[in-house]
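**Student:** Dropping the structure in here first, questions after.
No value in this document is a laboratory result; all are computed from the given coordinates. Just so it is clear, the structure is predicted and the values come from calculations on it, not from any experiment. Counting neighbours? That spans all protein chains shown, and the Cβs are built from the backbone with ideal geometry, glycine included.
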Amino acid sequence: MQRFTTNEDGTVTDSSTGLIWSKETLARDVPYDEAVKQLGEGWRLPTVQELFSLVDHSRDEPAIDVDAFPDTDSDWYWTSTPCAWNDTAVWVVSFYLGNVGGSHRYNGGCVRAVRAGQ
C-alpha cells in the first residue's frame, strides 16, 4: 500500500499516521510567530515527532518523499514542540539531511501544516 495519497484539495494523506498534510510549503524563512499566522483554520504546526515521521533517510536534499511533497526545501521546518532548555526555542526538522535541532523563535524557518484525518 502506498503511504502518501495526494488529494485534489492540495493536501496529502499519510496512511501510516492518518494525518493530513499541506502538500506545499506555506512559507519560507519566517520567524515562528509569522509561521503560526500562515496556518488556515483547522490547521496547526506539527509536533516534532509528527514532522520527523515525514523524513525519508534514503534521500537527501530534501530528505522526504518528493513525489508527495515536491516543493519541500532542504531547510528547517517549524514544529509546535518547545525546547526544554530554552523557553524561546522550539524543535525544528531539517529536510536537508533529515535531522532535528532546536531554533530560537526569532530565526527563520519553513512552514508545513498538519491536521487530524477524517
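**Student:** With the dipole of segment 1-102 worked out from charges on the C-beta (+1 for Lys and Arg, -1 for Asp and Glu) around the Cα centre, which of T47, S94, V30 lies farthest toward the positive end?
**Tutor:** T47
**Student:** Once the piece of chain linking L26 and N107 is laid out straight, how much longer is it, given 0.36 nm per residue of separation minus the C-alpha distance between them?
**Tutor:** 27.5 nm
**Student:** Can you put D29, D73 in order, fewest other beta carbons within 10 Å first?
**Tutor:** Arranged by neighbour count, lowest to highest, D29, D73 become D29, D73.
**Student:** Need one number: nm distance between label points at D33 and N86, each 7 Å from Cα along Cα→Cβ, rounded to one decimal.
**Tutor:** It works out to 1.8 nm between the two label points.
**Student:** Between (1) 55; (2) 63; (3) 46, which matches percent of Cα pairs over 18 Å apart calculated for the structure shown?
**Tutor:** Read-out from the structure maps to (3).
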